[in-house]
Amino acid sequence: MKPSSLYKGSLTTIILKLLNEHDKMYGYEITQCVKEITKGQLKITEGALYPSLHKLKAQGFLDVEILMIANRTRKYYRLTEEGTKETVKKLAELEDYIAIMRALVNPKFRVD
């Protein structure tokens, strides 16, 4: 399966969910985690990931911690309190969307 606009619309939720499950993550780690979880079916590019991370930071949902690891600067992202609240909201929205799509794609026919 190739990435589609459906995945792009879910990127923020994916990022928030992963950061909610881990204390902190850096960009490449996020991409690799998604790739591993989806068994390579979904690959998030840097061109999609970093603008989303910057937007979430600007909205106050993420904090950034810059560390030197093996003479390289690495930015770690973690959820703020508001980010945790946004994660709950986004996951609820996604669950509602999935339920609606299931109803539309696989309706139960009734005979009256």
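General observations
- Any chance Glu46 is closer than 18 Å to Ile14 by Cα and in contact with a Gly (Cβ under 6 Å, 6 or more places away or on another chain): no
- Lone qualifier among Leu11, Leu6, Leu16, Leu56 - being within 12 Å of the chain's Cα centre (by Cα) and either open to solvent by 60 Å² or more (accessible area, probe 1.4 Å) or at pLDDT below 95 (or both): Leu11
- Residue list for segment 37-52, filter: at negative phi, of a type in the set (D, E, K, R) and loosely packed, with under 14 Cβ neighbours inside 10 Å: Glu46
- Sub-7 Å Cβ pairs linking a first residue in segment 26-51 that is in a loop (DSSP other than H, G, I, E, B) to a second residue that is hydroxyl-bearing (Ser, Thr, Tyr) and open to solvent by 40 Å² or more (accessible area, probe 1.4 Å), at least 6 apart or interchain, are Leu42/Tyr7, ordered by first then second residue.
- In summary, Arg102 fulfils each of the numbered conditions (1) open to solvent by 80 Å² or more (accessible area, probe 1.4 Å); (2) among the charged types (D, E, K, R); (3) under 16 Å from the mean Cα position of the chain (by Cα) with the single exception of condition (3).
- Residue check, Glu46 among the acidic types (Asp, Glu) and modelled with pLDDT under 95: yes
- For Val64: the one exception among (1) β-branched (Val, Ile, Thr); (2) free of Cβ contacts under 8 Å to residues at least 12 places away in the same chain; (3) within 17 Å of Glu29 (Cβ to Cβ): (2)
The values are calculated or read from the model by the stated rules, or taken from the named source; none is laboratory data. None of these values were measured; they are calculated from a predicted model. Positions of Cβ are backbone-derived with ideal geometry, glycine not excepted, and every protein chain shown enters the neighbour counts. Accessible surface areas use protein heavy atoms only, side chains included; no ligands, DNA or RNA. Shrake-Rupley method; radii C 1.70, N 1.55, O 1.52, S 1.80 Å.
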